[in-house]
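Here is the structure we will look at, set down as structure tokens.
The values are calculated or read from the model by the stated rules, or taken from the named source; none is laboratory data. The model shown is predicted, which means the values in this text are computed figures rather than measured ones. No Cβ is skipped: glycine too gets one built from the backbone with ideal geometry, and neighbour counts run over all protein chains shown.
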Amino acid sequence: MRLSRFIIANMEPLLVEWETMACSMTPAADNMDSRALRDHAQQILVAIAADMETGQSREEQKDKSTEPVAAAVGTAAGVHGELRQVDGFDLPQLVAEYRALRASVLRLWTEKEAPGPESLREMTRFNEAVDQAFAESATRFAEEAAKSRDIFMAILGHDLRSPLNAITMSAHSLDSPSMTPELRTRAVTVIQGSARSMGVMIRDLLDFAAIRLGQAMPMNAEPANLGTVARGALDEVQASYPRCTFELRSEGELDGDFDKTRIRQTLANLLTNAVHHGDAKHAIQLRLRRESDWLVAEVANQGKPIDPDLLAVIFNPLARDLDRSATGSSGLGLGLHIAREIAQVHGGTITAASTAKETAFTIRLPRRARQSP
């Protein structure tokens, strides 16, 4: 059987291998269903097979290998590259996907068929078509990455400007001769709260930069109590949002070995996220419990459910702001991304679930977390 026809006839086995490879590449895949993992794979394979069936002169073959890649807007491979960037894949992972695709197709073909005299020509055409598809994916991937960087910088400027303006105005008001003790206290409170907000943003930004540079997040596990750490995180967030209502519920023995500072940071990020996206009329719950050799912390809020497509990429940076009309708020979206990194460096997990009843983020930590090397 000719290779192009073999691809169409064996689509499902090829898609299974594609999905398996994609699932193993990035933590982002943990929240992706089969449809998302196979994203546009069938259309890409169909396009590759069609390209192989199309007549091609030597001049056309030369042009294909030397001409710049078109914008690839709307092609299956182009859309695939764009969505993989949004899903949290990096460029080497995109390259690996196409390398695995190429190897899988050729391996299955040679195992099931006896390639004839035309096999070299068919493999050449196949490799050309795969290269074309990858070039389209990589082009759109790079364009989407550049767009994300621009959005990132715009949101950073916006979010830092708001607390900075509040600090500036409150500082000016302190010089007013008509400043009463009550107004002075209010101004100081605003300055302190705005400074805390800026500190959190800068801390998250530094952590994000370290992660992007490939540096392992430092982790110092020591004996600690999850209830005590959770109370500290809740008090920190309550000070920044005094009008919000929080409830802390705990059950079981919550002692373990973990990085107190990092887990407090994680819980504070989750509580702040609940403040921004929950219904202010209902209390935000921080629920703690022990499950065998695991410590579990769950932050839950009521409000509009998260769209399933957004939920699938919720731990990726900027994901929460991909549809800002749906979230109704701004923010870099780094808190959840960093929370996932902290959970993973402890050997734990973090998951998200959203229904009409509540939205809950659940972090599970081994009671005896491994130390950073």
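Total residues in the range 216-248 satisfying the condition of being out of contact with any helix residue (DSSP H, G or I) (no Cβ under 8 Å at 6 or more places or on another chain) and of a type in the set (D, E, K, R): the figure is 4. Please specify each residue of the range 208-230 satisfying the condition of being at pLDDT 75 or above and not hydroxyl-bearing (S, T, Y). Selection gives M219, N220, A221, E222, P223, A224, N225, L226, G227, V229, A230.
Summed over the range 160-176, residues that are among the charged types (D, E, K, R) and either in the same structural domain as Y241 (by TED's automatic domain parsing) or not in a helix (DSSP H, G or I) (or both) total 1. Give the range 239-260 a look and list any residue that's of a type in the set (S, T, N, Q) and either surrounded by fewer than 16 Cβ atoms within 10 Å (Cβ to Cβ) or within 17 Å of R289 (Cα to Cα) (or both), or say none. Answer for the range 239-260, where residues must be of a type in the set (S, T, N, Q) and either surrounded by fewer than 16 Cβ atoms within 10 Å (Cβ to Cβ) or within 17 Å of R289 (Cα to Cα) (or both): T245, S250.
Against the conditions (1) in contact (Cβ under 8 Å) with a residue 24 or more places away in the chain; (2) more than 20 Å from T355 (Cβ to Cβ), where does A274 fall short? Just the number, please. Here A274 meets the rest and fails (2).
Would you call S148 within 24 Å of I8 (Cα to Cα), hydroxyl-bearing (S, T, Y) and part of a helix (DSSP H, G or I)? It is false that S148 is within 24 Å of I8 (Cα to Cα), hydroxyl-bearing (S, T, Y) and part of a helix (DSSP H, G or I). Please determine, by comparing only the residues of the range 67-124 that are outside any helix (DSSP H, G or I) and under 20 Å from M11 (Cβ atoms), which one is modelled with the highest pLDDT. So the residue we want is T75.
Hey, I338 hits all of (1) closer than 20 Å to V237 by Cβ; (2) assigned to a helix (DSSP H, G or I); (3) at pLDDT below 80 but one; which does it fall short on? I338 satisfies all of (1) closer than 20 Å to V237 by Cβ; (2) assigned to a helix (DSSP H, G or I); (3) at pLDDT below 80 except (3). Does E236 satisfy the criteria of being more than 22 Å from R368 (Cα to Cα) and either buried (at least 17 other Cβ atoms within 10 Å of the Cβ) or in contact with a Phe, Trp or Tyr (Cβ under 7 Å, 6 or more places away or on another chain) (or both)? Here the answer is yes, as E236 does meet what is asked.
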